[in-house]
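Colleague: Quick one: the structure is below, and I'll ask about it shortly.
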Amino acid sequence: MNETQPKKRKNLVFPIILALVLVGALIFTVKEYKYYQNHEVTDDAQVDADISPVVARVGGYVKEIRFQDNQYVKAGDTLVVLDDRDYKIKLQQVEAALVSAKQSVNVSQSNVTEAKTGISTAEANVEAAKVQVWKTTQDFERYQNLYNDRAITKAQFDDAKAAKDAAEAQLVVAQTQLPAQAKRVSANQSQVGATASNIASRQADIDYAKLQVTYTVIVAPASGVVSRRSIQLGQLVQAGQTIFSVVHENDIYITANFKETQMEHLRLNDKVDVEVDAFPDQKVEGIVQSFSGATGAKFSLLPPDNATGNFVKVVQRIPVKIVLQADSSIINRLRPGMSVNVVVHTK
C-alpha cells in the first residue's frame, strides 16, 4: 500500500506540469491577443529630422570656414566665405556701364532741346520769309505800274520780279524746314526713351551683381548641427555643389513603417509609446501626426511595376509620422537614423 502511493504521485506530476504549462500558455495567449487588439507594434521605425543641404549658389575659392564638424549653429550665422574679388570687379563694371548710360540719356536730352530750339528758329525763318515775300510783292507791284507807265527800265522791272521770286522760294525752303525739325525732335525723344530703358537694364545688372556678391557669404539656413562638411580652405566650389548639411534642432520626429494590414485601426492623434534602442530606459511618448500619401515602395528609386507579369504579392508598408512629446533633454540626445520600437494605442 505504501509503495503504490509514491508511484501514483509520480504519475500525477507530469499531467500537473503539463496542465500548468497549458494554462500559462493560454493566459499568455489571451493576454497577447487582447494586447494586440488594442495596440499596433512595429520595429521598422527610426528617428528622423529635417535636414537642410546647403548648396553654393555661386562658384569660387573657399576663403574662410567658420565652423567645425558637428558644431551647433544658429540661423543666419556666417559659415563659409568665398573669394568675392571677381564678383566685385563685375559689380564695378556694371556700375560704370550705368554711369555711361546716364550720360547717354543726358546727351539725348540735350539733342532734344537743341532740336526744339531748331523748330523755333525754323518758325522765325518762315515768318521772316513771309515778310520778305510781302515786301518784294509790294515792290514788284509798284515797279510793274512804273514799268507800264514807262517810268523805269526793263532791267529794273526784272530785278523787282527776281527779288519777288527769290523771296517766295526762300519761304518754301523755310516752310519745308519745319517738319524736318519736328521729325528731328521726335527721333531724339525716341533716343531718350531707348537710352532710359538702357538705364533700367544696367540697374538690373547692378542688382544682380550685388546679389552675386552676397552669395559669396554662405549662412546657416536654420538652427541646428552642421554635419557632412565636404570643403576645405582654398578649394574651388562650383555653383550648385552641396558643401554641408544642417540638421534642424527641435524638429526630431519618428518615421514608423507600418504594414498595410496594420493601418485599419490607426488614427490621427493616437497615443504612441516609443522605445529607443540607444536609450532603452528612457520613456518617450508621442502621437500620430500624419500618414504618407503613398507606400514607401512608390517613392523608391526603382518603384515596382506589377504590370510586367512577374508579380509576387508583397505586404507594403506605409510611413507614419509620429511627433514626440518629451522634454528637450531626451530629444536633444536623439539623432536621425536611430532605431526605435513603436507601440500605437489604437483604443
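Colleague: To make sure I understand, if each residue's beta carbon is the centre and we count other beta carbons within 10 Å, what order do LEU266, LEU301, LEU233, LEU82 fall in, fewest to most?
Modeller: Working: LEU266 16, LEU301 4, LEU233 9, LEU82 24.
Starting with the residue having the fewest Cβ neighbours, the order is LEU301, LEU233, LEU266, LEU82.
Colleague: Let me ask you something else. Based only on other Cβ atoms within 10 Å, what is the fewest-to-most ordering of GLU40, GLU249?
Modeller: So the residues, fewest neighbours to most, are GLU249, GLU40.
Colleague: Which ³J(HN,Hα) values in Hz, rounded to whole numbers, follow from the phi angles of the stretch 220-235 under the Karplus curve 6.51 cos²θ - 1.76 cosθ + 1.60, where θ = phi - 60° and Gly and Pro get x?
Modeller: Karplus-based 3J(HN,Hα) across the stretch 220-235 equals 6, x, 7, 7, x, 9, 7, 9, 6, 5, 10, 10, 9, 4, x, 6 Hz.
Colleague: Related question: What residue among LEU211, LEU236, LEU146 has the largest mean-square fluctuation in a Gaussian network model of the chain, using Cα springs under 10 Å?
Modeller: The residue that fluctuates most here is LEU146.
Colleague: Charges at C-beta only: +1 for Lys and Arg, -1 for Asp and Glu. How large is the resulting dipole of the stretch 229-347 about its Cα centre, in Debye rounded to 20?
Modeller: 260 debye
Colleague: Moving on. Which residue fluctuates most in the GNM of the chain (Cα springs below 10 Å): GLY224, GLY60, GLY309?
Modeller: In the Gaussian network model the winner is GLY309.
Colleague: Right, something else. From Cα pairs below 8 angstrom and at least 6 apart in sequence, can you work out the relative contact order of the stretch 252-347, rounded to a whole percent?
Modeller: Relative contact order, the stretch 252-347: 47 percent.
Colleague: Expected output is a single nm value to one decimal: the length gained when fully extending between LYS161 and ASN310, i.e. 0.36 nm times separation in residues minus the C-alpha distance. What is it?
Modeller: Gain on stretching LYS161 to ASN310: 42.4 nm.
Colleague: Among ASP158, ASP84, which comes first, second and so on when ranked by fewest other beta-carbon atoms within 10 Å?
Modeller: Exposure proxy ranking, most exposed first: ASP158, ASP84.
Colleague: Let me ask another. Kindly flag which residue pairs out of LYS259/LYS283; LYS259/LYS298; LYS135/LYS161; LYS298/LYS321 have an alpha-carbon separation exceeding 19 Å in this structure. Please report the intermediate quantities before stating the final value.
Modeller: On the way: LYS259/LYS283 24 Å; LYS259/LYS298 14 Å; LYS135/LYS161 12 Å; LYS298/LYS321 17 Å.
Correct reply: LYS259/LYS283.
Colleague: Please work out whether the chain counts as rounded, prolate or oblate from its C-alpha gyration tensor, where a ≥ b ≥ c are the square roots of the eigenvalues and a/c under 1.5 means rounded, while otherwise a/b larger than b/c means prolate and anything else oblate? Show your work: numbers first, answer last.
Modeller: Working: a/c = 6.60, a/b = 3.87, b/c = 1.70.
In terms of gyration-tensor shape, prolate.
Colleague: Taking the Cβ-Cβ separation of ASP86 and ASP251 as r and a Förster radius of 41 Å, what is the calculated FRET efficiency to the nearest 0.05?
Modeller: 0.65
Colleague: Take the alpha-carbon centre of the stretch 216-281, take the same for the stretch 64-92, and report the distance between them in whole Å.
Modeller: Between the Cα centre of the stretch 216-281 and that of the stretch 64-92, the gap is 23 Å.
Colleague: Here is a follow-up. As a check on your grasp of the helix formula, calculate [θ] at 222 nm for the chain: sum -39500 (n - 2.57) over DSSP H runs of n ≥ 4, divide by the residue count, round to the nearest 500. Present the calculation step by step, with values, prior to reporting the outcome.
Modeller: Details: 4 runs with 165 residues, N = 347.
After summing the helix terms and dividing by the residues of the chain, the value is -17500 deg cm²/dmol.
Colleague: Note down the nm distance, to one decimal, between modelled labels 7 Å out along Cα→Cβ at ASP139 and at ASP327.
Modeller: With each label point 7 Å from Cα toward Cβ, the separation is 11.7 nm.
Colleague: For the stretch 252-347, build the convex hull from the C-alpha positions and give me its volume per residue in Å³.
Modeller: 116 Å³
Colleague: Right, here's the next one. Please report, in debye to the nearest 20, how large the charge dipole of the chain is about its Cα centre when each Lys and Arg carries +1 at its beta carbon and each Asp and Glu carries -1 there.
Modeller: Numbers: 39 positive and 38 negative charges, 141 e Å.
That gives the chain a dipole magnitude of about 680 debye.
Colleague: Something else about it: Which residue fluctuates the most in the chain, going by a Gaussian network model with Cα springs under 10 Å, if the choices are VAL21, VAL41, VAL217?
Modeller: VAL21
Values quoted throughout were computed directly from the atomic coordinates according to the rules given, and no laboratory measurement underlies them. Only a predicted model underlies this, so the values are computations on that prediction, with no experimental measurement involved. Neighbour counts run over all protein chains shown; Cβ positions are idealised from the backbone, glycine included.
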